[in-house]
Amino acid sequence: TTIIMMGCDGLKYDNMADALVKKGAKVYISWNGTVTAAHSDATTSLLLQALLIEKQTIQHAIADTMNKIGPDPDSGSQLSYYPTESQNYIVKTE
């Protein structure tokens, strides 16, 4: 399971991400701070394309997405993932 939580502060702390990974999730993707709705929506579209259509690894998809759209313009928060060991994971769509 890949969890994409595009709301504020999903990875400000890793408690929730850690609990979900311990329950079997492969990776948890979220913001490390607050994010505007418009920025989150635009980022989600690019991230899903990178993960599901282009079949990029988690690390590459997030880096590529952030290079294209940048951090949240109001807070500077960044998209990130947990655990770091999932960097080479590719989301399965079948």
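Here the label points at His60 and Ala19, each 7 Å from Cα along the C-beta direction, are separated by 3.4 nm in the simple model.
Under the rule a/c < 1.5 gives rounded, and otherwise a/b versus b/c splits prolate from oblate, where does the chain land using the Cα gyration tensor? It comes out oblate by the Cα gyration axes.
From the helices alone, meaning DSSP H stretches of at least four residues, give me the mean residue ellipticity at 222 nm for the chain, per-run term -39500 (n - 2.57), in deg cm²/dmol to the nearest 500. Walk me through the intermediate numbers first.
Numbers: 3 runs with 32 residues, N = 94.
Result for the chain: -10000 deg cm²/dmol, rounded to the nearest 500.
Label separation (Ala42 vs Thr1): 3.2 nm, computed from points 7 Å beyond Cα along the C-beta direction.
Report the calculated FRET efficiency for Ile69 and Lys12 (r = Cβ-Cβ distance, R0 = 22 Å), to the nearest 0.05.
0.65
Computed 3J(HN,Hα) for segment 30-35, one whole-Hz value per residue from the Karplus formula 6.51 cos²θ - 1.76 cosθ + 1.60 where θ = phi - 60°, is 6, 8, 8, x, 6, 8, glycine and proline marked x. Structural descriptor for segment 5-94: relative contact order 35 percent, calculated from alpha carbon pairs under 8 angstrom and at least 6 residues apart.
The 3J(HN,Hα) values that the Karplus relation (6.51, -1.76, 1.60; θ = phi - 60°) gives for segment 6-21 are, in residue order, 9, x, 5, 6, x, 10, 5, 10, 9, 4, 5, 4, 4, 4, 5, 5 Hz. Gly and Pro appear as x. Here the extension length gained between Thr34 and Glu85 equals 15.9 nm, from 0.36 nm per residue of separation less the Cα-Cα distance.
Every number here is computed from the coordinates shown, using simple stated rules; none is lab data. Since we're looking at a predicted model, the values are computed, not measured. Because the Cβ atoms are built from the backbone with ideal geometry, glycine has one as well, and the counts that use them run over all protein chains shown.
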